Structures are given as C-alpha cells and as structure tokens.
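Single-structure report; data block below.
The values are calculated or read from the model by the stated rules, or taken from the named source; none is laboratory data. The model shown is predicted, which means the values in this text are computed figures rather than measured ones. Neighbour counts are summed over all protein chains in view; Cβ atoms, including those assigned to glycine, are modelled from backbone coordinates with ideal geometry. Side chains included, ligands, DNA and RNA excluded: accessible areas come from the protein's heavy atoms. Shrake-Rupley method; radii C 1.70, N 1.55, O 1.52, S 1.80 Å.
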Amino acid sequence: MADEITVPVLPCRSIDEIDAFYTMLGFTRTYYQTRPNPFIALQREDLRLQFFGMPDFVPEDSYGTCVVLVPDTAALFEAFAAAMRAAHGKILVSGIPRMTRPRLRKNAEGRTGFSVIDPGGNWIRIMAATTGPGDDDVASGRLTGTLRSAVVMGDSHGLHVRAAEILDAGLLRHRAAATTAEVVEALAYRAELALRADDTAAAAAAVAEARALPLTEGERDSVADALAGLDDAEATLRGRPPADPAT
C-alpha cells in the first residue's frame, strides 16, 4: 500500500486552549465536540492533529509526542514564528507553550528539526524529510560538536539544565580554538537554554557577550539564524523583570 496517512491523537487539559493555540499557528478546526468526551481535530494543509481533553491533565507531566516530516523545516518555522510574533510580539521560547529553533540533530541522521510544545505539553517534532550531509563534529570544530550534543539533550530530550551544563563545559574547554561564528552560535543557544530555566541573568549575559563579538559580513550570513535567536531572546527579556540575585 501507499499514500497512508497517520493522524496522532494527543492528550490535553483543555481543547479550547489547544484550539486557540493552533488556530494562532494557522490551523483550521475540522471537528469539535464537548460531549460525551472533549475532542478536537485541526489541520494546516496536510498537517493533521487531533486531541482529547482530560480536565485533570497536567501539561508539565505530558509524554505526548509525535514526529512530522516536512520538506522544509525553515519555511514552516518562519510561518509559525510570524504567527507567534503577531499574537504575542515575540516567539515563545520558554514555558508551555513554546517553540525551539530549527537545528541540526546529530541523533536524527543529520536532519534539521524544531519542536512545538503546545498547551497540552505535547512535543510536535517537526523534522526534515531528508537527511543532511552528515555530522562530522571534529571537522566542524570541537565547540560545534559540543553544541550539537547539547542540542540533543535540550531540544530532543527537553533537559535544558543538562544541556546548559554541557554547553558551559564546551565553552570553557574549546572556546579559544573556536571561530567567532561558532562562539556566537553557542552563546545564542546558551541564552535560549537560560530562558527555558527562567535564568534571566544568564540569558542576558549570553546575549550581551554574543553581541559584543565582531563578525564579518560572511560570518553574519553564516550565523543568521543564531542572530535571529538572539533577537528573540532579547524580545523575551524585555518582557520579563530582571532576576533578583538574592533569590
């Protein structure tokens, strides 16, 4: 057989929260019921998701997840990012709901991917349908290799504290031998990890450090996505009070 379609059915606390979130991202409601059981179906072009409501469900404890293979992760990310900026003035990078940035996944055959963590705590993992050119950490530099390991921990497993520890160790050990572009990419991800942990002081420090590094025009082009990530981190920081050092 061919042309099969799989539609994930995921849990949530409120189908109305799910409806508002995915409608914001450009989905259309195709089915909705509250009785006998809360249930909603949503669709954006060929991307179909369904959810069932559980009033006592805790999104932070969710194990709900699915993988969506797409031809262009960057295009879909930008569409979602534009929708979030229109609705919230920024990309949601921390808490629930939130969205990660497209990054190379060394644990996924060199594919790029990003995740949408919705109000139900479900991880919608958007992955490139085709594999990348490979993942040669040594050829790319040791700091980049460490960054990719941190991405696996932070973006695949959701362990942002452990990812930050890995990246901090890599910056300490490999920064001197890294290119400026590699350091900017690492610091941009470090800022995002800090925001996920509500560590605004660490996020602001990483952003300031990255902004202070001189980049050539060619380097700026090569780290354009990391620079956009710094913009998003700054937008999030502007919306939060500074961390209290005494707490």
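Data for the structure
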{"read-out": "Dipole moment magnitude, nearest 20 debye, the chain about Cα centre, only Lys, Arg, Asp, Glu C-beta charged", "value": "220"}
{"read-out": "Volume per residue that the Cα convex hull of region 1-67 spans, once the total is divided by residue count, Å³", "value": "107"}
{"read-out": "Surface accessible to a 1.4 Å probe, Arg29 within the full protein complex, Å²", "value": "120"}
{"read-out": "Cβ-derived FRET efficiency at R0 41 Å, Asn107 paired with Asp16, nearest 0.05", "value": "0.70"}
{"read-out": "Range in the chain, longest, excluding exposed GluC sites (Glu not before Pro) [loop by DSSP; at most 10 other beta-carbon atoms within 10 Å]", "value": "46-247"}
{"read-out": "Where Rh is the Kirkwood radius over Cα pairs, Rg/Rh for the chain", "value": "0.99"}
{"read-out": "Contour minus Cα-Cα distance for His88 and Ala2 (0.36 nm per residue)", "value": "26.9 nm"}
{"read-out": "Estimated FRET transfer efficiency (Ala177, Thr65; beta-carbon r; R0 30 Å; 0.05)", "value": "0.25"}
